[in-house]
Amino acid sequence: MKFVPRGQYLPYRFILGYIGIGLVGLGSFWFHATLQFQAQLADELPMIYVTTTTLWLLFDHDSGFNFKSPRTRLLTVAAVVFNTLFTWSYYINRNPVYHQVVFGGLLFSIAFRIYYLLTLSPVGQRVPKDKRRVIATLFGSGVAQFTFAFVLWNLDNIFCDTLTRWKVNVGWPLAFLLEGHSWWHVFTASGTYFKFIGIQYLALCLKDDHRNFTLQYSRLGLPYVQRIDKRTE
C-alpha cells in the first residue's frame with residue numbers, strides 16, 4: 001500500500017502513529033465486544049498515546065530524525081513520563097470524564113500547535129506557502145470529518161427510538177446504514193487518517209528538505225506522503 005511509511009522510505013517514527021491508531025481500533029473492537037474495563041483501557045489509553053506521539057512529532061522540529069538532539073531527547077522523556085503517569089492515574093481514578101478532559105486538551109493542543117506552525121512560527125517558514133496550504137486543508141478535512149461523526153453520534157443518541165423503528169421496518173442489511181454509532185467510527189477513523197497525513201507532511205517538511213516530499217492520492221482517494229528521492233533515513 002503506497003501510504004505505508006516504509007513504502008516511501010519515511011522515518012520509522014511515523015510508524016508509531018499508525019501502530020497507535022491500529023491499537024485504538026483493536027481496543028475499540030474488544031471493548032464493544034465485551035464491555036469489560038480492561039477492554040475499555042485498551043480502547044482509551046492508545047487514544048492518549050497517539051495524541052502525545054503527535055505532539056512529540058509537532059514539537060520536535062530540529063533537523064534530522066535521530067535522537068541526538070537535546071530537544072528530541074527531552075520531548076521523548078516528557079512523552080513517556082506523561083503517558084506513564086496518565087496510565088497509572090486513570091487506572092486508579094476510573095472516571096471517563098477525566099479521560100475526556102485530558103484527551104480533549106491534547107487535541108486542542110495539537111490544533112493550536114499546527115495553527116502556530118503554519119501561521120505564526122518562524123520555524124514554519126521553512127515550509128513553502130503552497131505546502132502549508134495543503135497541510136491546512138488536510139487537517140481541516142480531518143476535523144470536518146470528526147465534526148460530522150460527532151453530529152451523527154449525537155443524532156443517533158437523540159433519535160435512538162425512532163431510528164430503531166426504522167431499522168426494524170427496512171430490515172437487514174439496509175438497517176446497517178442507519179447505525180449512527182457505526183458511522184461515528186467510520187468518519188472518526190477517516191478523519192484521524194487525514195489529520196495524521198497532514199501532520200506527517202508538516203513534520204517531514206520541518207525536519208528535512210521540503211523538496212524531498214510531495215502529496216499523492218491512492219486509487220481509493222486516500223492521501224499519502226511520497227518521498228521523491230527515495231532515500232532512507
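Exactly one of these conditions fails for THR72: (1) surrounded by 12 or more Cβ atoms within 10 Å (Cβ to Cβ); (2) touching a helix residue (DSSP H, G or I) at 6+ places or on another chain (Cβ under 8 Å). Give me its number.
Among (1) surrounded by 12 or more Cβ atoms within 10 Å (Cβ to Cβ); (2) touching a helix residue (DSSP H, G or I) at 6+ places or on another chain (Cβ under 8 Å), THR72 violates only (2).
Could you tell me which residue of the range 218-229 is surrounded by the most Cβ atoms within 10 Å (Cβ to Cβ), considering only residues that are at pLDDT 85 or above and either within 15 Å of GLY142 (Cβ to Cβ) or β-branched (Val, Ile, Thr) (or both)?
Step by step, filter the range 218-229, then rank; the result is VAL225.
Could you grab me the full set of residues in the range 59-83 that are among the small types (Gly, Ala, Ser) and farther than 24 Å from VAL127 by Cα?
ALA78, ALA79
Among the residues of the range 1-36, what is the count of those that are at pLDDT below 75, closer than 16 Å to LEU204 by Cβ and not β-branched (Val, Ile, Thr)? First the steps, then the outcome.
Pass one, the range 1-36, residues at pLDDT below 75: 1-9.
Subset that is closer than 16 Å to LEU204 by Cβ: 2-9.
Checking the rest, the ones that are also not β-branched (Val, Ile, Thr) come to 2-3, 5-9.
Residues that pass the stated criteria total 7.
Give the residues of the range 61-96 that are closer than 30 Å to GLY140 by Cα, hydrophobic (A, V, I, L, M, F, W, C) and at pLDDT below 90, sorted by residue number.
The one that is closer than 30 Å to GLY140 by Cα, hydrophobic (A, V, I, L, M, F, W, C) and at pLDDT below 90: PHE65.
Please tell me if SER109 is touching a residue at least 40 places away in the same chain (Cβ under 8 Å), assigned to a helix (DSSP H, G or I), small (Gly, Ala, Ser) and closer than 23 Å to GLY198 by Cα.
Yes: the conditions hold for SER109.
Go through the range 162-174 and report how many residues are assigned to a helix (DSSP H, G or I) and farther than 23 Å from THR147 by Cα. Break it down stepwise before answering.
First pass over the range 162-174, keeping only residues assigned to a helix (DSSP H, G or I): 162-170, 174.
With farther than 23 Å from THR147 by Cα added as a condition, the list becomes 164-170, 174.
Of the residues in that region, 8 qualify.
I'm told CYS205 meets every condition in (1) modelled with pLDDT under 90; (2) more than 18 Å from the chain's Cα centre (by Cα) except one. Can you identify the failing condition by its number?
(1)
Suppose we filter the range 111-126 for residues that are surrounded by 12 or more Cβ atoms within 10 Å (Cβ to Cβ) and at pLDDT 90 or above; how many remain?
Of the residues in the range 111-126, 7 are surrounded by 12 or more Cβ atoms within 10 Å (Cβ to Cβ) and at pLDDT 90 or above.
For (1) assigned to a helix (DSSP H, G or I); (2) without any contact (Cβ under 8 Å) to a residue 24 or more places away in the chain, each residue gets a yes or a no:
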position	(1), (2)
SER121	no, yes
GLN125	yes, yes
ASP130	yes, yes
ILE135	yes, no
PHE139	yes, no
VAL143	yes, no
PHE146	yes, no
PHE150	yes, no
ASN154	yes, yes
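Within the set of pairs 6 or more residues apart or between chains, which connect a residue that is part of a helix (DSSP H, G or I) inside the range 1-24 to a residue that is modelled with pLDDT under 65 and not aromatic (Phe, Trp, Tyr) with Cβ atoms less than 6 Å apart?
PHE14/PRO5; ILE15/PRO5
Is it the case that VAL143 is farther than 22 Å from PHE196 by Cβ and either under 19 Å from the mean Cα position of the chain (by Cα) or modelled with pLDDT of 90 or more (or both)?
no
Pick from PHE187, PHE213: which is in contact with a Cys (Cβ under 7 Å, 6 or more places away or on another chain), at pLDDT 85 or above and at negative phi?
From the options PHE187, PHE213, the qualifying one is PHE213.
What about LEU206, is it assigned to a helix (DSSP H, G or I), touching a residue at least 24 places away in the same chain (Cβ under 8 Å), more than 30 Å from ILE19 (Cβ to Cβ) and touching a Leu at 6+ places or on another chain (Cβ under 9 Å)?
Against the criterion (assigned to a helix (DSSP H, G or I), touching a residue at least 24 places away in the same chain (Cβ under 8 Å), more than 30 Å from ILE19 (Cβ to Cβ) and touching a Leu at 6+ places or on another chain (Cβ under 9 Å)), LEU206 does not qualify.
Do we find that TYR49 is at pLDDT 85 or above, over 26 Å from ALA203 (Cβ atoms), in a helix (DSSP H, G or I) and not acidic (Asp, Glu) in this structure?
no
The values are calculated or read from the model by the stated rules, or taken from the named source; none is laboratory data. All of these numbers come straight from a predicted model, not from anything done at the bench. Here the Cβ is made from the backbone with ideal geometry for all residues, glycine too, and neighbour counts use every protein chain on show.
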